[in-house]
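Heads up: the structure comes next, in structure tokens.
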Amino acid sequence: MEKEFYKKIKSKTLNDIASGKITYDKLDNILRADKEIVLEAIRHESFVYYDVPEILKDDRENFIKGLGYTIVLGAAFTALQIYEYDHATFKFTDGIYSSTFYLATGFHGFHVFVGTCFLIVCWFRGRAGHFTVEHHFGFEAAAWYWHFVDVVWLFLFICIYWWGG
């Protein structure tokens with residue numbers, strides 16, 4: 001299915017490729033970014049998953065470190081999505097697929113940004129000692145939000161990148 005998606009994108013840009021505006025190398029680099037986005041999503045999800053037990057063990061150092069990694073990877077995910085938008089071979093108005101693509105992935109990207117902001121606030125609060133074994137609901141709520149955003153991304157990836165192609 002993923003190969004069909006690549007074929008569809010390549011066929012849409014055949015005229016640009018034939019005229020030399022877009023090379024196959026540039027197109028492959030753009031499409032490779034999609035796989036990197038999925039890997040980043042899986043990586044940053046795993047760190048938050050392990051941060052809740054760190055609070056319960058009162059291990060502030062590993063909690064702060066894991067949350068920091070999650071924030072960096074969430075920002076990397078957002079940067080890769082911006083890169084993908086900037087280098088996409090289709091525009092929002094090119095048809096139903098492109099409109100759906102930009103709407104769904106953009107809405108998700110906004111929620112990743114909001115989740116990253118939540119986690120940044122939790123990182124500062126964690127460093128200030130605001131979270132304890134008994135009192136950590138603020139972080140737990142942010143982690144639930146982050147998990148939900150990741151599950152939505154997996155759904156979007158399957159529907160848009162894999163099945164949608």
Self-check item: Rounded to the nearest 10 Å², the accessible area of THR100 at probe 1.4 Å
Solution: 70
Practice problem: Work out how much length VAL151 to ARG60 would gain on full extension: take 0.36 nm times their residue separation and subtract the Cα-Cα distance, in nm to one decimal. | Solution: 30.1 nm
Quiz prompt | Accessible area, probe 1.4 Å, largest first, for residues CYS159, CYS122 | solution = CYS159, CYS122
Quiz item: At a probe radius of 1.4 Å, what is the per-residue accessible area of GLU54, in Å² to the nearest 10?
Solution: 30
Quiz prompt | Label-to-label distance, nm, for residues given as HIS135 and SER99 (7 Å Cα→Cβ offset) | solution = 5.1
Quiz item: If you take the beta carbon distance between PHE90 and TRP144 as r and set R0 to 25 Å, what does 1/(1 + (r/R0)^6) give as a FRET efficiency, to the nearest 0.05?
Solution: 0.15
Exercise. Roll a 1.4 Å probe over the protein heavy atoms and report the accessible area of PHE124 in Å², nearest 10.
Key: 130
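The values are calculated or read from the model by the stated rules, or taken from the named source; none is laboratory data. Worth saying up front: this structure is predicted, and the values here are computed from it rather than measured. Positions of Cβ are backbone-derived with ideal geometry, glycine not excepted, and every protein chain shown enters the neighbour counts. Just so you know, the surface numbers come from the protein's heavy atoms only, side chains and all, with ligands and any DNA or RNA stripped out. Shrake-Rupley method; radii C 1.70, N 1.55, O 1.52, S 1.80 Å.
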